[in-house]
1. Residue by residue through segment 15-46, note down the ones that are of a type in the set (Val, Ile, Thr) and under 21 Å from the mean Cα position of the chain (by Cα).
2. Out of the residues in the chain that are of a type outside the set (A, V, I, L, M, F, W, C) and surrounded by 10 or more Cβ atoms within 10 Å (Cβ to Cβ), which is modelled with the lowest pLDDT?
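The values are calculated or read from the model by the stated rules, or taken from the named source; none is laboratory data. Since this is a predicted model, take the numbers as computed values, not measurements. Cβ coordinates were reconstructed from backbone atoms using ideal geometry, including for glycine residues, and neighbour counts include every protein chain displayed.
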Amino acid sequence: MRLAMPAGREQPQRDPELKRKAWLAVFLVSGLFWLVVALVAWHYWS
């Protein structure tokens, strides 16, 4: 029977490429959000 959680001595394998893509997605979504906020503020005050 396999346990749901790995034993303490086993480190989960993380794909560095997937991690890079995840961070890129976080930065892109964050940048898009702030771009929309800036455009709304510009439209509101101009």
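1. If the condition is that a residue be of a type in the set (Val, Ile, Thr) and under 21 Å from the mean Cα position of the chain (by Cα), then Val26, Val29, Val36, Val37 are the ones that fit.
2. Only one residue fits best here, namely Pro6.
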